[in-house]
Structures are given as C-alpha cells and as structure tokens.
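Report on the following structure.
The values are calculated or read from the model by the stated rules, or taken from the named source; none is laboratory data. Computed from a predicted model, the values in this text were never measured in an experiment. Because the Cβ atoms are built from the backbone with ideal geometry, glycine has one as well, and the counts that use them run over all protein chains shown. SASA here: full protein model, heavy atoms, side chains in, ligands and nucleic acids out. Shrake-Rupley method; radii C 1.70, N 1.55, O 1.52, S 1.80 Å.
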Amino acid sequence: MVEKRNNTAINLKSYYLKKKKIWEARISGLNKLSKLVGWSRLVAFLLAFVLPFFVFELGSWLFFSFCFFFFVAFMLLVIFHNKLIRQKNYISYRIAYLHREIRIIDGDFQKEPDGEKYIDQDHEYVYDLDLFGKGSFFQFLNRTALRGGENKLAERIKKLSFDPLEIKNRQDAIKELSDFAGFKGHFYALGKVAEEKLKDRQPEIVVKDFEVNFISAFVKVFSIAFTVGSSFVILLTFLGVLPWVSLLLLFLVGGAISGVFVKRVMKVHSQVTELGQVLSRYGQLLVHFDSAKFEGSLLMQLQKRIRYNGQSAYVSLKKLSIAIDQFDQRLNMLMGVVLNAFFLWDIHCCHYLMIWKRKHGDQVESWFEVLYEVDALNTFASFRFNHPAYCVPQFDEINIIKAIAIGHPLIDASDRVSNNFQITADRRICIVTGANMAGKSTFLRTIGVSLVLASCGSVVAAEKFIYKPIPFITNMRAIDNLVKHESYFFSELKRLQFIMDQLKEKGELFFILDEILKGTNSYDKTTGSKELVKQLLKHNGCGLIATHDLELGQLAEDKPKSIFASCFEVTFAGDNLYFDYLLHPGVTQSHNASFLMQKMGLIPKRPANM
C-alpha cells in the first residue's frame, strides 16, 4: 500500500534530492553486498570442485556430500546474485527518475525526448502551439516510461476531450495519482525495466498477431498419446523391461514427427521468442497498478479492465510468459532435440499458446492500453505534483474563458508575467494588438496550451481558470508548400477555409488567429480581415485574433457587445524599449518597428526635431 501525502508548500528540489540520496544509499549498500556475494560464489565453486578431492580418501560418501553441499551453495549464491543485479537495475531507474526531475526543475529539459515524430503541420493546433519538437511543451511535460505510454500521451494532447464529465474524471484520477507518494517513481522504474529487451516490438501487437493454426484435434490427441506412451517406454527401458534400442527407435520416430511441423513451429517461435521475460516484467506493472487502492471512478474502471474472472490480468500474462520461456528451450540445441524427440515439446507449447490466445487474445490489447493510459496519467500527475500553485480548471457555460493570473508553463515562475483574461458568451471575440516583441504570440500560445492542459484533465498555470470545453483551432504559422505548388497566401486561405468549415460543422468553435492575411496588400488585408471576423461571429465563433492592423481594432467600436480589443504596450526611454507584457484594454498606441530598425542601423535615424 502506497501512502498518501499532501504536496502543497514543499520545496520540490529538496524533496527530490532527499529521495535521491536515500536510493543512492540503497544502491551503494547493494553494490557492497554484490561484491561480497560474488567472491562467495567463487569460493563456493572452488570448494565444490576442489575440496572434495582432498577428502576422497576418507570415503566416497564424504566426497559426494562435499560436492553436493557446495554446489548447492554455489547455485543459491548465483540466484541471489542475479536478484541483487535486478534490484540494482530497478534502483538505478528510480535514481534516474529523481535526477531527471531535479534537472527539469533547474530548467534543463532539452535532453528529454522531444516528440518530434508527433508533429503534424495540418493538425488543428499542435504545430502552431509548439507542443512537440525541440524545446516544446511535450519535452518539458513527458514523464512516461513506456513507448506505448508516450504514444498515449501524444494522443491525449492531439485528441482532446470536450465532455465535462470525462474531463472531471481525469482531473480526479490525476489528483489521486499525484497524491500517491512513490507510485509514479515505482511505475516508471518497472516500466523502464520492462522495456529493456523489447527492441522495436510492441508486446501487445506481437501477442495479438501471432497465429497457431496447425494444431488440429487429431494433432492434439496424437501428441498427448505419444508423450504418454514415450514416458512409459522410457520408464520401462530404465527398469530393464525393454531393451535400450527402444530409446533409439523412439528418438528417431519422435524426431521425424517433430520434423513434419518444424517450419510452422519456427514461424510461431520467431514471433514470440524471448518475449517471456518481457511479459513477466509487464506483469509486475499490472500488479503494481491493480494492487493500489483507488477511489476515483476512472482509475477503478481501468483496474476492472485488467481483471478476468476475478483475477488480475497478471496471472494470465504470467502463464503466457512461462509458456514462452518453455518454448524458448528449443534454442538450447541439446535440450531442444531431446524434448522434441521424446515428448514433441514444440507441438505442446504451440498448443498451449493457441489455447491461451483463444481465451485471452481479445483482451491483451486492452490490458496494455490500461498500462499506457496510466503511464500518460502519471505524466499529468507529476506535472500537478511539481506545480502545486497551479489551479484545477472549472467548467462554465457563460464564460468561454475566464483566467486569473494566467501564464505560459514553459516560462519560469520568476520570469513569468501573468495576465487576467475573459471571453464570455456575449463578448466572444478579442482583437489583440501590440508592438513587435510585446507578447502577443506568447499570450496566444498561453491560452492555447492552457486549453490543451485543461481538456486533458491537467492543472493550468493560473490562479483560476474557468472555461467552456469546446473544440478549438489555430492559425498562427501558415507555410508555403513547394511540393503541392501552394504559396504562403494560398496555404493560409486553405487554413481559414478549414476553420470556417469546422465552425459550421461543429456549431461552436474557439479560434486563435495570429496576423491573418499577411500575404496580401494592406487594403486587401484590412478589408478581408474585417469580413472574416464578421463571418466568424455570424457562425457562433469565439476566440482571439492578434494583429498589427490597428484598423481591425475598430470592429470593437462597431460591435462593442460582441467584440472587444486588448493590447500589449511598449515604453520608450531614450534608446531603450521596455515591455511590461501586461494585457491592457483597447487598441495599442505604440509602435517600435522603425525604432528597432534605426537602432540596428538598417535605416537612418530621424533628426530629433522630426
């Protein structure tokens, strides 16, 4: 049973350093014990095969007694030493988990997996919000131990939930996991151990895809009858009832029968070989999750999915693991030949695999999906644990977004400038203006990332965050496509068309647009932008539009009940610029492009009297 703890008002770095020191002390002790056991094992081996010869003259019984005693001691020490190696391996991952948390607290997360493979330039919001890739939020957030868990985390980020009940259940699950001290670290270490020898295979796919279709009813009965008969022949031969040549004949007959199925057996074995130990380790993850006592509905539902007839899926997975390990005996040439010649070993193994798959084949994928889901939830639980000041989002129908002191989670708290912001069912569109580098794009991404986190059931970097869970889409970074012969402007128009089509289809949509129609002249840009905003409003759209086009801000005066303007300002002091990164009401009154160009020597400075 894992104890619960309250993670408010704690010094996170000190907490992780303390835990790391405890685990380092444990592994140091294990290293010393491992060396002692290693030397003891060598001594036991020498005593087993050297000492008996010195007492041989005292009697053969003493000779064999010494051999047996020290050989047994040697084997027990080997088993114990292997156990120590597994313990050290596990602890090394616990230490790695804590070390990573310390590094990320210090702002060093660029060495973590960046999720670049999940980048999708056509996605509704992923590409614009820099959710994946170098320096991305995924790289900062990800704490998964399993490859399937990483895929699940990316899936959760890319396919959001907009059902308040589902999101609430995820919030409860994340809170519960966050409050379980040690659960996340234990799950992470077990997961890393499980995937050590996995290579490029996904275990649930291997188990789902392998086929055993050559074990007919006749083959089944014949193999059992042959094994029973073979056992009697071997027994009677050793009792002297049958001549020793009987074993040779039996060996030849069994070998011939096994040879008939060898190609089909090898095909099955090539799919599952060496998977037994991996499945056993995944089983430990199932036990860890299944044995925990949870109260939230989502976690309890996940536990039910890994139980079969009142038993944990671990029991079934363990049986498969043992069966595959037994099947792998064919890799030992001597054992493989003997077992197959006398007992048709491979056929019995394939028969058991066929029975197991018929019974559990449809459930395996679901079992592993539970592990991947828990792995992804653990990531959000770690995020919540590491940011106790962040808030749990609440739901509302009146406020599309109401945020108090909201900021971007990638910006360190000491540097972060937070803002208050609100969009309601009536005042649905905000026109955001501001000078270059004043903070418009960062603010847009802050809102976008917060919506992603909220819809995943996570906490948000704000004192308070109330929102209406609805689909959202962005247009912040349109690019040209030479392969499709599409210009920048045409790509942007296609994106805007996609947004409009989605809005008409879904009936309500939150959008985040940054500098729309910047690929055309100023007149077309202003005229087109105004008409686009009117269409978005007409079809029940709501959201943010950042622009340098100050005329677009006039829409707030034309439609004050539904459109409002906010801005980021810049202050000039001599040759310096000062940004407060605070959101102000109204349209910006400051400009800095010419000032910056003059300062960089791109254009001549104007005389002071001009």
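Look through 303, 277 and report the one residue that is surrounded by 18 or more Cβ atoms within 10 Å (Cβ to Cβ) and either out of contact with any Leu (no Cβ under 8 Å at 6 or more places or on another chain) or assigned to a strand (DSSP E or B) (or both).
From the options 303, 277, the qualifying one is 303.
Considering only region 369-387, I want to know if a residue exists there that is open to solvent by 30 Å² or more (accessible area, probe 1.4 Å), among the small types (Gly, Ala, Ser), more than 19 Å from residue 269 (Cβ to Cβ) and out of contact with any strand residue (DSSP E or B) (no Cβ under 6 Å at 6 or more places or on another chain).
As a first pass, look at region 369-387 and keep what is open to solvent by 30 Å² or more (accessible area, probe 1.4 Å): 369, 384, 387.
Remaining after also requiring among the small types (Gly, Ala, Ser): none.
Taking every residue of region 369-387 in turn, none turns out to be open to solvent by 30 Å² or more (accessible area, probe 1.4 Å), among the small types (Gly, Ala, Ser), more than 19 Å from residue 269 (Cβ to Cβ) and out of contact with any strand residue (DSSP E or B) (no Cβ under 6 Å at 6 or more places or on another chain).
Which one of the conditions (1) over 30 Å from residue 333 (Cβ atoms); (2) surrounded by fewer than 16 Cβ atoms within 10 Å (Cβ to Cβ); (3) not aliphatic (A, V, I, L, M) does residue 196 fail to meet, given that it meets all the rest?
(1)
Does residue 339 fit the bill of being surrounded by 23 or more Cβ atoms within 10 Å (Cβ to Cβ) and in a helix (DSSP H, G or I)? Explain how you work it out, then say what you get.
Numbers: surrounded by 23 or more Cβ atoms within 10 Å (Cβ to Cβ): no; in a helix (DSSP H, G or I): yes.
In short, no.
Please indicate, with yes or no, whether at least one residue in region 229-239 is of a type outside the set (D, E, K, R), without any contact (Cβ under 8 Å) to a residue 12 or more places away in the chain and not in a helix (DSSP H, G or I).
The answer is yes, given that some residue of region 229-239 is of a type outside the set (D, E, K, R), without any contact (Cβ under 8 Å) to a residue 12 or more places away in the chain and not in a helix (DSSP H, G or I).
Just a yes or no: is a residue in region 297-304 over 29 Å from residue 171 (Cβ atoms) and under 31 Å from the mean Cα position of the chain (by Cα)? Even if it seems obvious, please write down each step before you answer.
At the first step, the residues of region 297-304 found to be over 29 Å from residue 171 (Cβ atoms) are none.
Checked region 297-304: no residue is over 29 Å from residue 171 (Cβ atoms) and under 31 Å from the mean Cα position of the chain (by Cα).
Based on this model, can you work out whether residue 447 counts as open to solvent by less than 10 Å² (accessible area, probe 1.4 Å) and aliphatic (A, V, I, L, M)? Give the steps one after another, and end with the answer.
On the way: open to solvent by less than 10 Å² (accessible area, probe 1.4 Å): yes; aliphatic (A, V, I, L, M): yes.
Considered against the rule, which asks whether it is open to solvent by less than 10 Å² (accessible area, probe 1.4 Å) and aliphatic (A, V, I, L, M), residue 447 comes out as yes.
Identify the residue in region 311-332 that is within 25 Å of residue 377 (Cβ to Cβ) and not in a helix (DSSP H, G or I) and, among all such residues, is least open to solvent (accessible area, probe 1.4 Å).
Top of the filtered list is 312.
Output the number of the condition that residue 346 fails; it satisfies all remaining conditions of (1) more than 32 Å from the chain's Cα centre (by Cα); (2) farther than 30 Å from residue 315 by Cβ; (3) touching a residue at least 60 places away in the same chain (Cβ under 8 Å).
Result: residue 346 passes all but (2).
How about region 429-455: which of its residues are out of contact with any Leu (no Cβ under 7 Å at 6 or more places or on another chain) and under 25 Å from residue 165 (Cβ atoms)?
Within region 429-455, 450, 451, 453, 454 qualify.
If residue 350 meets every condition in (1) open to solvent by 50 Å² or more (accessible area, probe 1.4 Å); (2) touching a His at 6+ places or on another chain (Cβ under 9 Å) apart from one, which number is that one?
(1)
So which pairs qualify, if the first residue must be in region 413-435 and within 27 Å of residue 106 (Cα to Cα), the second must be of a type in the set (Asp, Glu) and not in a loop (DSSP other than H, G, I, E, B), the Cβ gap must be under 8 Å, and the two must be at least 6 apart or on different chains?
From region 413-435, the pairs are 417/580.
Taking the condition touching a strand residue (DSSP E or B) at 6+ places or on another chain (Cβ under 8 Å) and surrounded by 24 or more Cβ atoms within 10 Å (Cβ to Cβ), does residue 425 pass?
no
Can we say residue 223 is open to solvent by less than 70 Å² (accessible area, probe 1.4 Å), free of Cβ contacts under 8 Å to residues at least 24 places away in the same chain and within 47 Å of the chain's Cα centre (by Cα)?
no
Quick test for you: out of 277, 284, pick the one residue that is in contact with a Ser or Thr (Cβ under 9 Å, 6 or more places away or on another chain) and in contact (Cβ under 8 Å) with a residue 24 or more places away in the chain.
Criteria check complete, one pass: 277.
Suppose the filter is out of contact with any helix residue (DSSP H, G or I) (no Cβ under 9 Å at 6 or more places or on another chain), under 29 Å from residue 288 (Cα atoms) and open to solvent by 20 Å² or more (accessible area, probe 1.4 Å); does residue 398 pass it?
no
Could you pull out every one of the strands (runs of 3 or more DSSP E) wholly within region 385-484 that has 1 or more residues that are within 25 Å of residue 558 (Cβ to Cβ) and of a type outside the set (Phe, Trp, Tyr)?
Here the list reads 399-406, 419-424, 429-434, 472-475.
In region 127-169, how many are closer than 23 Å to residue 367 by Cβ, surrounded by 23 or more Cβ atoms within 10 Å (Cβ to Cβ) and of a type in the set (D, E, K, R)?
Qualifying residue count, region 127-169: 1.
If the Cβ limit is 7 Å and pairs must be 6+ apart or interchain, which residue in region 527-548 that is more than 21 Å from residue 451 (Cβ to Cβ) pairs with which residue that is assigned to a helix (DSSP H, G or I)?
529/552; 530/552; 530/555; 532/496; 535/500
Which condition from (1) free of Cβ contacts under 8 Å to residues at least 40 places away in the same chain; (2) surrounded by fewer than 16 Cβ atoms within 10 Å (Cβ to Cβ); (3) part of a loop (DSSP other than H, G, I, E, B) is the one that residue 211 breaks?
Only one criterion is unmet by residue 211, namely (1).
Which residue pairs have Cβ atoms closer than 8 Å, lie 6 or more positions apart in sequence or on different chains, and pair a first residue in region 6-29 that is closer than 15 Å to residue 90 by Cα and open to solvent by 80 Å² or more (accessible area, probe 1.4 Å) with a second residue that is among the hydrophobic types (A, V, I, L, M, F, W, C) and at pLDDT 90 or above?
The qualifying pairs are 26/91.
Within the group 551, 515, 492, which residue is of a type in the set (Asp, Glu), within 25 Å of residue 477 (Cβ to Cβ), at pLDDT below 90 and open to solvent by 50 Å² or more (accessible area, probe 1.4 Å)?
Criteria check complete, one pass: 551.
Just checking: which of the helices (runs of 4 or more DSSP H) contained wholly in region 97-206 hold 2 or more residues that are within 14 Å of the chain's Cα centre (by Cα)? Walk me through how you get there before you give the answer.
Working: elements: 137-141, 147-158, 164-179, 183-194.
Output list reads 137-141, 147-158, 183-194.
Just to be sure I understand, how many residues within region 74-101 are touching a Ser or Thr at 6+ places or on another chain (Cβ under 9 Å), closer than 30 Å to residue 383 by Cβ and open to solvent by less than 40 Å² (accessible area, probe 1.4 Å)?
Residues meeting the conditions: 1.
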